[in-house]
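Only one structure is covered here, and it is reproduced in the block below.
The values are calculated or read from the model by the stated rules, or taken from the named source; none is laboratory data. Since the structure is predicted, the reported quantities are computational estimates derived from the model, not experimental observations. Cβ atoms come from the backbone with ideal geometry, glycine included; neighbour counts cover every protein chain shown.
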Amino acid sequence: MITPVLLALLALVLTGPAPALLARSDWPYRVPRAAVILWQSIALAAVLAAVGAGIALSYSAAGEPGEPRFDPSSPRDLVAALILAMTALVLVKLLWSIGRVAVGTRARRKRHRDLVDVLATPDGLVPGLRVLAEETPLAYCLPAIRGARVVVSVGALDRLDEMELKAVLAHEQAHLRARHDLVLEEFTALHHAFPRFVRSEVALEQARTLVELLADDDARRRNGPKPLARALVALAGAPAPDAALAAAKSATVLRVQRLADPQPNVRWLATVTYVGAAALLILPTVTIAAPIVKAIVEAVS
């Protein structure tokens, strides 16, 4: 019974204290790519630990190998079956959440893209760029496998000089190339899959910030930090559709401060973060696999 208890405790820690502690740390912003992987590992490990606790508990409740098979009149067997059913329900809810988020997000994005194509003017020089005749400063992208769009408004063009505009476009194109929208969909699906009493906005908010930092780093390499920093200040507070990724949608102060500092060489920190992310997945994965492998071996022998 020790294994399911430990896995259940691990799942609780990974859905509460661990994300809260990590969100209060500044070091993940120095290695945003590794930090995204770490946050993904925390979320996935929490799911695996919860599922592993259910499987291990059911395996413990089912009795010793060699005993009669499932007996509906046995309370022990009924408990084991109930635990397995609840575990399966968790997986079904996760898959349902992934499908619902993916379908809903793509539908909203397609509707908005169709609206942009009707109202906006193609740039003619940058593929996929659309210019809206809107005085409110807007700059965002609409990812897609085919037909991705980068949208800027006349108000944004009036506020940005040539280098700032190039930096903003590089930022949005970095989102499109790396498909950061898929990362956010994953975190959104996991967020909705957890019960409300353990659900936290922390992981999703951190993921949104980290993908913006990744796009900032790409734009910094191509255009330097100063044009992008000025553009972020000029576009601060600009609205954006829910299904879009916008240059100045979140954490503007943090991002401008980060662009003002020299880009540090922190390969060692990234390496440690990757190793930690991998280690987080090993325990629940091995624990889930152990009873299954043991049952297979016992069945074969």
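Some points to look at:
- Criterion: buried (at least 21 other Cβ atoms within 10 Å of the Cβ) and in contact (Cβ under 8 Å) with a residue 12 or more places away in the chain - qualifying residue of Arg149, Arg108: Arg149
- Residue count for the stretch 1-50, restricted to those that are buried (at least 17 other Cβ atoms within 10 Å of the Cβ), of a type in the set (Gly, Ala, Ser) and within 20 Å of Leu254 (Cα to Cα): 2
- Residue list for the stretch 265-293, filter: at pLDDT below 95, of a type in the set (Phe, Trp, Tyr) and surrounded by 15 or more Cβ atoms within 10 Å (Cβ to Cβ): none
- Residues that are assigned to a loop (DSSP other than H, G, I, E, B) and over 16 Å from Leu232 (Cβ atoms), drawn from the stretch 135-172: Glu135, Thr136, Pro143, Ala144, Ile145, Arg146, Gly147, Ala148
- Only one of the numbered conditions (1) part of a helix (DSSP H, G or I); (2) at pLDDT below 80; (3) of a type in the set (Asp, Glu) is violated by Asp114, and that is (2).
- Scanning the stretch 23-47 for residues being farther than 18 Å from Glu201 by Cα, part of a helix (DSSP H, G or I) and of a type outside the set (Phe, Trp, Tyr) gives a total of 4.
- Which listed residue is assigned to a helix (DSSP H, G or I), within 24 Å of Leu269 (Cβ to Cβ), in contact (Cβ under 8 Å) with a residue 12 or more places away in the chain and over 15 Å from the mean Cα position of the chain (by Cα), from Ala50, Ala20, Ala11, Ala56: Ala20
- Count of the stretch 235-255 residues which are modelled with pLDDT of 90 or more and surrounded by 19 or more Cβ atoms within 10 Å (Cβ to Cβ): 2
- Scanning the stretch 117-127 for residues that are part of a loop (DSSP other than H, G, I, E, B) and surrounded by 12 or more Cβ atoms within 10 Å (Cβ to Cβ) yields Ala120, Asp123, Val126.
- Of Arg69, Arg130, Arg109, all but one fail to be modelled with pLDDT of 85 or more and outside any helix (DSSP H, G or I); the exception is Arg130.
- Residue satisfying all of: in the stretch 202-234; of a type in the set (D, E, K, R) and farther than 19 Å from Val253 by Cβ; surrounded by the fewest Cβ atoms within 10 Å (Cβ to Cβ) among these: Arg221
- Within the stretch 133-149, one or more residues are more than 30 Å from Pro225 (Cβ to Cβ) and over 28 Å from the mean Cα position of the chain (by Cα).
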